[in-house]
Amino acid sequence: MNGESAIGIVGGTGPEGRGLAARFAAAGEHVVIGSRDADRGREAAAKVVAVVGGDGASRIEGATNAEAAGRGGLVVLAVPYEGQTAMLGELAPSLAGKIVVNVIAPLAFVDGRARPAPPSAGSAAEEAAALVPSARWVSGFHTLPARDLLRVGEPMATDALICGDDEDARNTVMELAAKIPGLRPVNAGRLESARCLEAATALLININRIYRAHGSIRIAGIHAGQAGT
Ligand SMILES: NC(=O)c1ccc[n+]([C@@H]2O[C@H](COP(=O)([O-])OP(=O)(O)OC[C@H]3O[C@@H](n4cnc5c(N)ncnc54)[C@H](OP(=O)(O)O)[C@@H]3O)[C@@H](O)[C@H]2O)c1
């Protein structure tokens, strides 16, 4: 992010939110970890400080979701899909004009297997964009396992697939992703690609269950630094 602006993480107390917070803070960003309960936000911040180490404590704070959304120059939405509509109803005024990254993957589980469970809008990201059209919506980071994000000492060695209709917002999020060691941002196109990114989360869960692994996704055949169109 530019200057003194923070990254606010709504639902930041979960593994995905804490993992992204840890990586962003390790990359020098100021993060505000949001929760429905300020104490839980602060507890999660303490956990992330322990993971990041060094001078990370000075850049990691815990707060309510409202504070995280209000103070974030860029906001990450990392609540479960079930909480999206109510959360956006609460936070909409704080999100106007801001880049908001939706990492939500609506899933259903049947006999331990994951299935995409998209809303009628096509994806959680498109639904969110319709609910809060004043925000600059980007979708991404779905294929990054929380476990790997939390291992900040190890490079990610994977791709961050990022999509959005606002080119400048998408580029800003790709630049942010590029600050994470070993993570290659890939332009996944328009926001409608969120349908594929959210569904890919189910695919990865099932593959990882079969192989008892923590695999992620890498796109073959495109080169680092290659310009997209
Ligand atoms: N975990 C992964 O590897 C992964 C990968 C890809 C995508 N995702 C997506 O990323 C998002 C976060 O994943 P996660 O595993 O970190 O999720 P999580 O632990 O289930 O939830 C994150 C946080 O959201 C808050 N929350 C729970 N229910 C809520 C509700 N109904 N309304 C508002 N807030 C609620 C809780 O924080 P407080 O109680 O502190 O408010 C919780 O700690 C999910 O949408 C998931 O689909 C996760």
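Data overview
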{"quantity": "Any hit, segment 29-41, residues being away from the ligand (no atom under 11 Å from the Cβ) and within 11 Å of the chain's Cα centre (by Cα)", "calculated": "no"}
{"quantity": "For P80: the one exception among (1) modelled with pLDDT of 95 or more; (2) surrounded by 16 or more Cβ atoms within 10 Å (Cβ to Cβ)", "calculated": "(2)"}
{"quantity": "Single unsatisfied condition, L197 versus (1) closer than 21 Å to A27 by Cα; (2) within 13 Å of the chain's Cα centre (by Cα); (3) not hydroxyl-bearing (S, T, Y)", "calculated": "(1)"}
{"quantity": "Residues located in segment 90-101, provided they are more than 11 Å from the ligand (Cβ to nearest atom) and either part of a helix (DSSP H, G or I) or among the aliphatic types (A, V, I, L, M) (or both)", "calculated": "A92, P93, S94, L95, A96, I99, V100"}
{"quantity": "R18 vs. criteria within 21 Å of E198 (Cβ to Cβ) and more than 10 Å from the ligand (Cβ to nearest atom)", "calculated": "no"}
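The values are calculated or read from the model by the stated rules, or taken from the named source; none is laboratory data. This one's a predicted model, so the numbers in the text were calculated from it and none came from an experiment. Cβ coordinates were reconstructed from backbone atoms using ideal geometry, including for glycine residues, and neighbour counts include every protein chain displayed.
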